[in-house]
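*Asks:* What follows is a structure written as structure tokens; I'll ask about it next.
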Amino acid sequence: MYSVIIPVYRNEEFIPQLIGEFSRISSLVRERFGLDTEFVFVVDASPDNSFALLEKGLADAPFRSQLILHARNFGSFAAIRTGLRAARGQFFAVIAADLQEPPDLLIEFLRELRDEAADIVVGVREGRDDPAITRLSANMFWGLYRRLIVRDIPPGGVDVFGCNRRIRDELLSLEEANSSLVGLVYWLGFKRSQVPYRRRARQYGKSAWTLGKKVNYLLDSIFAFTDLPVRILTFLGVVGIVVAVVLAIGVIAMRLAGEIDIAGYTATIVVITFFGALNTLGLGLVGAYAWRGYENTKRRPLALVRDSRCFDGVSEATSLAVQRHQL
């Protein structure tokens, strides 16, 4: 079986199109690979009618599916983990519910995984049909991500991927809070391959992937996968020591030369202010690492499920009969 996980948040307008696209993908997977497809929708406590619309639509959908509702909003990473844990397939894929990544990527992912060409397959954006400001912010975000965290990640970032059961099990064993799914996927290693695609324009509404969420995700990734902040702090400490020594030598030399009677007030204030700010920065960075370590020691679940449904899918013949009746 091929399991596809779809995190859902504020996507009610996309539900009819999602069911139509996944019906087509399910038929293609059966024809080309002889496998059943299971679609696992995880509604991350979306405030709209996504859960109700999915519950109604999936009952008549011609494919197997699961519908899971989180107790509250835990984030897309937690939703994907919930979907991966509930999925029953041999191969897995993750795709967004806004259909900006073409669903045909799921076929390409399965081909790579079925042929054992790779353990992990990622979709690589070769272009985006997004507004200019969206493209600019996305390029800046993923540029920083590549430079600071994961150098192997494609320039356009990763939003959709597929994997085999071994990778799924390894991901679920990494129960880290405040981490990065993309970072974990690349941290695992194994055989990876890439499938190029062009990101489509969003048809409805606005993306929930706001600037604030991007900043938080970037910070979580930095603190989870690199010691760069500590190294920067160490560098600033060395620079501060050098500055302090230079100032001290200058003040002592001027004092011995008789140019000043008392050490200057300005130099004292500069040194105190500089090292005070440096200490505050250091406490903040060390505290960020300590807090994340403390969060992981609590061993709290990363998400809680409030409700779930399973749908076996109507047969293709029944689906066609229903469609004719509706016409």
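The values are calculated or read from the model by the stated rules, or taken from the named source; none is laboratory data. Quick caveat: nothing in here was measured; it's all calculated off a predicted structure. Neighbour counts are summed over all protein chains in view; Cβ atoms, including those assigned to glycine, are modelled from backbone coordinates with ideal geometry.
*Asks:* Out of the residues in segment 91-102 that are at pLDDT 90 or above and over 9 Å from Val160 (Cβ atoms), which is nearest to the chain's Cα centre (by Cα)?
*Replies:* Phe92
*Asks:* Only residues that are at pLDDT 80 or above and either in a loop (DSSP other than H, G, I, E, B) or among the β-branched types (Val, Ile, Thr) (or both): list them for segment 175-199, please.
*Replies:* Across segment 175-199, the qualifying residues are Val185, Gly189, Phe190, Lys191, Val195.
*Asks:* Could you check Ser23 against (1) assigned to a helix (DSSP H, G or I); (2) polar (S, T, N, Q); (3) within 27 Å of Val182 (Cβ to Cβ) and say which number it fails?
*Replies:* Looking at each condition in turn, Ser23 falls short on (3).
*Asks:* Suppose we filter Glu13, Glu38, Glu31 for residues that are under 26 Å from Gln90 (Cα atoms), charged (D, E, K, R) and either touching a residue at least 12 places away in the same chain (Cβ under 8 Å) or part of a strand (DSSP E or B) (or both); which single one remains?
*Replies:* On the way: Glu13 fails: under 26 Å from Gln90 (Cα atoms); Glu31 fails: either touching a residue at least 12 places away in the same chain (Cβ under 8 Å) or part of a strand (DSSP E or B) (or both).
After applying the criteria, what remains is Glu38.
*Asks:* Right, another one. So Leu58 passes all but one of these: (1) at pLDDT 90 or above; (2) closer than 21 Å to Arg10 by Cα; (3) over 17 Å from the mean Cα position of the chain (by Cα). Which condition number does it fail?
*Replies:* The one condition Leu58 does not meet is (1).
*Asks:* List, please: which pairs have Cβ atoms under 9 Å, are six or more places apart or on different chains, and start with a residue in segment 160-174 that is part of a helix (DSSP H, G or I) and end with one that is surrounded by 15 or more Cβ atoms within 10 Å (Cβ to Cβ) and among the charged types (D, E, K, R)?
*Replies:* From residues that are part of a helix (DSSP H, G or I), the pairs are Arg166/Asp119; Ile167/Asp119; Arg168/Arg85; Leu171/Arg81; Leu172/Arg81; Leu172/Arg85.
*Asks:* Within segment 88-95, is even one residue buried (at least 20 other Cβ atoms within 10 Å of the Cβ), touching a strand residue (DSSP E or B) at 6+ places or on another chain (Cβ under 8 Å) and charged (D, E, K, R)?
*Replies:* no
*Asks:* Could you go through segment 69-78 and let me know if any residue there is touching a strand residue (DSSP E or B) at 6+ places or on another chain (Cβ under 7 Å), more than 20 Å from Ile15 (Cα to Cα), surrounded by fewer than 21 Cβ atoms within 10 Å (Cβ to Cβ) and in the same structural domain as Ala201 (by TED's automatic domain parsing).
*Replies:* yes
*Asks:* Surrounded by fewer than 22 Cβ atoms within 10 Å (Cβ to Cβ) and either at pLDDT below 90 or farther than 24 Å from Phe74 by Cα (or both): is that true of Ser50 in this structure?
*Replies:* no
*Asks:* Turning to a different aspect of this structure: Sort out which residues of segment 84-123 are farther than 24 Å from Tyr197 by Cα and part of a helix (DSSP H, G or I), and write them in order of number. Lay out the reasoning, then the answer.
*Replies:* Going through segment 84-123, the residues farther than 24 Å from Tyr197 by Cα turn out to be 85-90.
Listed by number, the residues that qualify are Arg85, Ala86.
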